[in-house]
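The values are calculated or read from the model by the stated rules, or taken from the named source; none is laboratory data. Bear in mind the structure is a predicted one, so any value in this text is a computation, not a measurement. Every residue, glycine as well, gets a Cβ built from its backbone with ideal geometry; the counts of neighbours run over all protein chains shown. When the accessible area is computed, the model is the full protein with side chains, heavy atoms only, and any ligands, DNA or RNA have been set aside. Shrake-Rupley method; radii C 1.70, N 1.55, O 1.52, S 1.80 Å.
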Amino acid sequence: MSPARRLGVVLTIVAALLGIVAIGVGPGDLDVSKILGAIGRGLVGRDDPSDLGDALVWWLRVPRVLVVLLVGAALAGGGAVTQGLFRNPLADPSVLGISLGAAFVAVLGLLMGLDRAGIWVTPVLAATGAALALAILLALASRTSDTTTLLLAGVALGATCGAATTCVLALAGDRYDLGIRVMRWLMGSFEGRSWGHFIGAAIPIGLGLVLAMSQARDLDALALGDDVAASLGASPRRVGRRAVTSVALLVGGATAVAGVLGFLGLVVPHVVRWRLGGAHRSLIPISALGGAVILLAVDTWTRVATEALPPGVITSLLGAPAFLWILLAQARPRSQ
Amino acid sequence: MIRVVLGTLLFTIACGRDAMPRTGTARIVSQVVFADEELWHLGPEVHPRVVGVSPMADDARYSDAVGLWASSLARPVGAEAIAALTPDLVITAEFTAAETRAALQQIGIRTLELAGWNGFDDYRRHVGEIADALDVEAAGTRSVAEFDAELARLRERFAGEPHPGVVSWQEGAVAGAGTSFADAAAAAGFVDVAASNGIVGHTTIGVETLVAWDPEYIVVSCEDDCTAREREIAARPGIAATRAAKQGGIVAIQAHHLYSVGAGMLEVVRQLGARRPEHSP
């Protein structure tokens, strides 16, 4: 068994075990039989949303675990594609400005009070923002095959959306309730996510992962340089367009359902590339699995140990020093 | 030279002042919604002395003083605009921008900083502090007495069994012991479930915890869409299984009442109490 396959199996087992733990722990007087009963009824469509046990397990915990797995996979998988596209192991999916585009439209909706119409409004608005950012990036990608230009355009787009978000917040500076709502959303959270969120996120993230995997060979070719890639049949412009689309679907879907989550898309693919090499055929799925496992561990811990801390804060808090440690660990062998 | 400059400055300031009562503090600026409301309650003796209210005084989302103060009255923002009104006293709070408070102190303007907003006792204390600073102790005593009389009337109206459990839940933020909501809930004959579960002050809980508590009533804030808000919250996954959602116990109260730390707290008591089983239609 290859190291990639072995790691994939280990991560799948860990994800399954963590999933069982995440569904099993939490508030409420629920023993194993009640939890299994709720899952069983849910699976055959005979759950009762008005039953407290079914509500806790089938309507809150199970979809939350699935949404966390999806988002973790999307961000880390999107990170692997971004780093391959820009041939830069320090690239993060947020450099394309997708998440900040999503955040800007979501914050605009919060300012206008649209979120009061229902819990589906903010994810839909965020997805709209991500789609608009994607449209702008695709328009740019169709004009250039230079990934550096695309990268800089993404950075500029992200900066513009970030500034526009700050502008909205500054104009509404006297509305402290809005500030709290925006801060909560920007910090990234899975609080109250249910089946509607899961279905809404599964479609773009599933499409994004399929598209990303279909680009694995072309991204490998791109790593050899534009000319070599073109000679191997991987047009840099076409690869760029498709890679940007897949990253937008992954990051846009993740941001829409969970808000802005930092560092997973940077750290996880970086570690996987370090341990397994740069072949995207294994890099993308292993990164996705790794991201899913890490995010589920973080979310389960924050949910059980401290309800006040959203997981987005923890990923950023742990991600930065972890990344520094990895960089130092990578530098050590070279100096010997 | 310095004396000439200071003399000119004082003369200019004196000329700029309107004719004001000479007793007590003549020119008052409020930077706190609570003070905007309470300065009005203190009565006509105080009204002409107020030369500025907070910019949020007319914001119906937060203030119970909407439309009370003349639109021509200043709504200063920042130390410069406040100083331009040459106030004798500026009422601030611990959450007023630290830079503004420091700048006012440096300029030499007297400030009254209100701190602690944890229920009925703090309300009474704040009214007393404002009345003392304005030399209108009798008006302050009258204002607190009116509040207490109405509170006693409401307590009597909502006394008796049962004492249903209630949670104030604002998208995860709950109010436990030592909050104005806990006082309002107790006055309306309810038990604050968050306080019963050991929560003190305001904190965040997950929706899972809310569902596991299974309160009979859940209070949320609304703006103009209170009925729609109650329906939306009751239909949410998880919350739909609570007794509150099943028995019509989702109570949406307008934000300016629910977040009030002034006399508006009585409106929370009134609206919450009206939803008790024996008072519901």
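Give me the accessible area per residue for the protein assembly as shown, probe 1.4 Å, as a whole number in Å². Can you show the working numbers first?
Details: 26670 Å² over 617 residues.
For the protein assembly as shown, the per-residue accessible area is 43 Å².
Out of segment B:140-247, which GluC sites (Glu not before Pro) are coil in DSSP terms and have no more than 12 other C-beta atoms within 10 Å? Mind showing how you got there, number by number?
Values: sites: B:GLU146, B:GLU150, B:GLU156, B:GLU171, B:GLU208, B:GLU216, B:GLU223, B:GLU230, B:GLU232; in loops: B:GLU171, B:GLU216, B:GLU223.
Hits after loop and neighbour filter: nothing returned.
Do any trypsin sites (Lys or Arg not before Pro) in segment A:42-83 lie in a DSSP loop with no more than 12 other beta carbon atoms within 10 Å, and if so, which? Could the numbers behind the result be given before it?
On the way: sites: A:ARG46, A:ARG61, A:ARG64; in loops: A:ARG46.
Those that pass, being in a loop and sparsely packed, are A:ARG46.
May I ask for log10 I(q)/I(0) of segment B:139-281 at q = 0.19 Å⁻¹, from a Debye sum over the Cα atoms as equal point scatterers with solvent left out?
-1.12
Roughly speaking, to the nearest percent, how much of chain A's 1.4 Å accessible area is carbon and sulfur? Show your work: numbers first, answer last.
Numbers: 10140 of 14540 Å².
The computed percentage sits at 70.
Give the span of segment B:135-198's Cα atoms along each principal axis, as three whole-Å numbers ordered largest to smallest.
Projected onto the principal axes, the Cα atoms of segment B:135-198 cover 42, 28, 19 Å.
Of A:THR166, A:THR245, A:THR315, which is the most mobile in a GNM of chain A whose springs link Cα atoms less than 10 angstrom apart?
Top of the fluctuation ranking is A:THR166.
Per-residue mean of other chain beta-carbon atoms within 10 angstrom of the beta-carbon, peptide B:229-238? Intermediate values should be presented prior to the final figure.
Working: counts 2, 0, 0, 4, 1, 0, 3, 5, 13, 12.
Counting other chains' Cβ atoms within 10 Å and averaging over B:229-238 gives 4.
If DNA, RNA and ligands are ignored and the probe is 1.4 Å, what is the ranking of A:MET187, A:MET1, B:MET265, B:MET56 by accessible area, most exposed first?
On the way: A:MET187 65, A:MET1 150, B:MET265 5, B:MET56 40 Å².
Largest accessible area first, the residues go A:MET1, A:MET187, B:MET56, B:MET265.
If the chain between B:ALA145 and B:ASP59 were fully stretched, how many nm would it gain, using 0.36 nm times the residue separation less the Cα-Cα distance?
So the extension gain works out to 28.2 nm.
Over the C-alpha atoms of chain A, what are the Rg and the largest Cα-to-Cα span, Dmax, in Å?
20.2, 64
Over all alpha-carbon pairs of segment A:276-336, lay out the pair-distance distribution in 10 Å bins, whole %, shortest bin first.
So the P(r) values, bin by bin, are 19, 35, 33, 12, 1.
Check each residue of segment A:38-85 and keep those whose accessible area, probe 1.4 Å, is at least 30 Å² smaller with all protein chains in place than in the chain alone; give them in order of residue number.
A:SER50, A:LEU52, A:LEU56, A:LEU60
Among A:LEU283, B:GLY116, A:GLY97, which residue has its Cα furthest toward the positive end of the charge dipole of the protein assembly as shown, with +1 on Lys/Arg Cβ and -1 on Asp/Glu Cβ?
A:LEU283
Rounded to whole Hz and in sequence order, give me ³J(HN,Hα) for segment B:207-215 from the Karplus expression 6.51 cos²θ - 1.76 cosθ + 1.60, θ = phi - 60°, writing x for Gly and Pro.
Rounded to whole hertz, the list is 5, 4, 5, 4, 5, 5, 5, 6, x.
Dipole size in debye (nearest 20) for the protein assembly as shown around its Cα centre, Lys and Arg Cβ +1, Asp and Glu Cβ -1? Could you put the intermediate results ahead of the total?
On the way: 48 positive and 55 negative charges, 586 e Å.
Charge dipole of the protein assembly as shown: 2820 debye, to the nearest 20.
As a test of the definition: which semi-axes, in Å, follow for segment A:114-226 when you take the square root of five times each eigenvalue of its alpha carbon gyration tensor? Largest first, please.
On the way: eigenvalues 203, 90, 24 Å².
One finds semi-axes of 32, 21, 11 Å for segment A:114-226.
Of all DSSP beta bridges located in chain B, what percent are antiparallel, nearest 5?
Working: 5 of 27 bridges.
Antiparallel bridges: around 20 percent, rounded to the nearest 5.
Specify the inter-centroid distance of segment A:1-56 and segment A:171-208, based on alpha-carbon positions, in whole Å.
Comparing the Cα centres of segment A:1-56 and segment A:171-208, I get a distance of 23 Å.
Taking beta carbons within 10 Å but only from partner chains, what does the mean come to for residues A:177-186? Each step should come with its number before you reach the end.
Working: counts 8, 1, 0, 4, 2, 0, 0, 4, 0, 0.
For this peptide, the per-residue mean of nearby foreign Cβ atoms is 2.
Taking the Cα centre as origin and putting +1 on Lys and Arg beta-carbons and -1 on Asp and Glu beta-carbons, what dipole magnitude results for chain A, to the nearest 20 debye?
Values: 25 positive and 18 negative charges, 174 e Å.
The calculation lands at about 840 debye.
Show me the trypsin sites (Lys or Arg not before Pro) within segment B:20-86 that DSSP assigns to loop and that have at most 12 other Cβ atoms within 10 Å of their Cβ. Mind showing how you got there, number by number?
On the way: sites: B:ARG22, B:ARG27, B:ARG49, B:ARG61; in loops: B:ARG22, B:ARG27, B:ARG61.
Those that pass, being in a loop and sparsely packed, are B:ARG22.
What are the radius of gyration and Dmax of the protein assembly as shown, computed over its Cα atoms and given in Å?
29.1, 92
If you wrap segment A:18-154's Cα atoms in a convex hull and average its projection over all directions, what's the area in nm²?
Details: hull surface 45.5 nm².
Orientation-averaged projected area of the Cα hull: 11.4 nm².
Go ahead and set up a Gaussian network model of chain A, Cα springs under 10 Å, then flag whichever of A:GLY225, A:GLY101, A:GLY319 fluctuates most.
Maximum among the listed residues: A:GLY225.
Which residues of segment A:16-33 end up with at least 40 Å² less accessible area in the presence of all protein chains than when their chain stands alone, using a 1.4 Å probe?
A:PRO27
Can you work out the PRE-style zone for B:GLU94? Point 7 Å along Cα to Cβ, and I want the residues of segment B:247-266 with backbone N under 16 Å.
Taking a point 7 Å out along Cα→Cβ of B:GLU94, the residues of segment B:247-266 whose backbone N falls under 16 Å are B:261.
What is the set of long-range amide H partners of B:VAL191 at a cut-off below 5 Å, with H atoms built 1.01 Å from backbone N?
Residues meeting the amide H criterion: B:GLY165, B:VAL166.
Using each residue's phi in segment A:134-146, evaluate 6.51 cos²θ - 1.76 cosθ + 1.60 at θ = phi - 60° and report the 3J(HN,Hα) Karplus result to the nearest Hz, with x for Gly and Pro.
3J(HN,Hα) across segment A:134-146, in whole Hz: 4, 4, 5, 5, 5, 4, 6, 5, 6, 9, 9, 9, 7.
If you count the DSSP beta bridges with both ends in the protein assembly as shown, what percent of them are antiparallel, to the nearest 5?
Values: 5 of 27 bridges.
Bridges in the protein assembly as shown that DSSP calls antiparallel: roughly 20 percent.
If I model a spin label as a point 7 Å beyond the Cα along the Cα-Cβ vector, how far apart are those points for A:TRP301 and A:ARG238 in nm?
Spacing of the two 7 Å Cα→Cβ label points: 4.5 nm.
For a quick size check, give me the Cα extents of segment A:1-42 along its three principal axes, largest first, whole Å.
So the extents along the principal axes, rounded to whole Å, are 43, 20, 12.
Under a 5 Å amide H to amide H cut-off, with H placed in plane at 1.01 Å, what residues pair with B:LEU112 once short-range neighbours are removed?
Under 5 Å from the amide H of B:LEU112 lie the amide H atoms of B:VAL90, B:ILE91, B:THR92, each far enough along the sequence or on another chain.
For chain B, which whole percent of the accessible surface, found with a 1.4 angstrom probe, sits on carbon and sulfur atoms?
On the way: 6890 of 12120 Å².
On chain B, the fraction of accessible area on carbon and sulfur atoms equals 57 percent.
Counting only complete DSSP H runs, which helices of chain B cover 27 Å or more along their long axis at the Cα atoms and score a mean Kyte-Doolittle of 1.0 or above?
Details: long enough: B:137-157 (30 Å, -0.66).
None clear 27 Å together with a mean of 1.0.
Quick check: convex hull of the Cα atoms in segment A:72-128, volume per residue, rounded to a whole Å³? Don't jump to the answer; show the numbers that get you there.
Details: hull volume 4.3 nm³, N = 57.
So the per-residue Cα hull volume is 76 Å³.
Please compute, for peptide A:306-319, the average count of beta-carbon atoms on other protein chains lying within 10 Å of each residue's beta-carbon.
Values: counts 1, 8, 6, 1, 2, 0, 0, 0, 0, 0, 0, 0, 0, 0.
Going residue by residue through A:306-319 and averaging, the value is 1.
Please compute how much accessible surface disappears when A pairs with B, both sides summed, using a 1.4 Å probe, and round it to the nearest 100 Å². Display every interim value, and only then the final one.
On the way: alone 15750 and 13300 Å², together 26670 Å².
That pair hides around 2400 Å² of surface in total.
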